[in-house]
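Worksheet: the structure to be examined is printed underneath.
The values are calculated or read from the model by the stated rules, or taken from the named source; none is laboratory data. Here the structure is a predicted model, which is why all the values come from computation and not from measurement. Here the Cβ positions follow ideal geometry from the backbone for every residue, glycine too, while neighbour counts run over all protein chains shown. Please note that ligands, DNA and RNA were not included when accessible areas were found on the heavy atoms of the full protein model with its side chains. Shrake-Rupley method; radii C 1.70, N 1.55, O 1.52, S 1.80 Å.
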Amino acid sequence: MDNLRYDAATHWVYVGFGEDETGAIGMVDATTNERLPERIQAGRASGILPAGDGWPNIYVNLPDLKQIAAINRKTGAIARCP
């Protein structure tokens with residue numbers, strides 16, 4: 001496990017795990033303990049930052065790729081910033 005963050009807006013816990021191409025973000029609903037679908041990101045996450053209330057994304061630092069990824073909380077769509 002590389003990183004763990006709680007998102008007060010959704011009550012989800014985000015867990016960064018894996019290495020290189022196998023890296024992903026695991027998610028758990030803290031109110032029900034239900035495991036949610038993983039967000040595959042193709043890179044090891046060293047930092048996870050959920051945006052505030054009303055914002056759709058979580059931001060993830062991908063140091064091996066020297067990129068920041070924005071992952072939509074609902075759709076799982078990934079946008080990368082070089």
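Observations, loosely collected:
- Restricting segment 31-50 to residues that are in contact with an Asp or Glu (Cβ under 9 Å, 6 or more places away or on another chain) and more than 16 Å from residue 3 (Cα to Cα), the residue that is modelled with the highest pLDDT: 35
- Selection count, segment 47-82, where residues are open to solvent by less than 60 Å² (accessible area, probe 1.4 Å) and either more than 19 Å from residue 12 (Cβ to Cβ) or out of contact with any strand residue (DSSP E or B) (no Cβ under 9 Å at 6 or more places or on another chain) (or both): 5
- Candidate set from segment 21-41 (those that are of a type in the set (D, E, K, R) and free of Cβ contacts under 8 Å to residues at least 12 places away in the same chain); member that is nearest to residue 68 (Cα to Cα): 35
- Those residues of segment 1-30 which are of a type in the set (D, E, K, R) and either in a helix (DSSP H, G or I) or at pLDDT 85 or above (or both), in sequence order: 5, 7, 20, 21, 29
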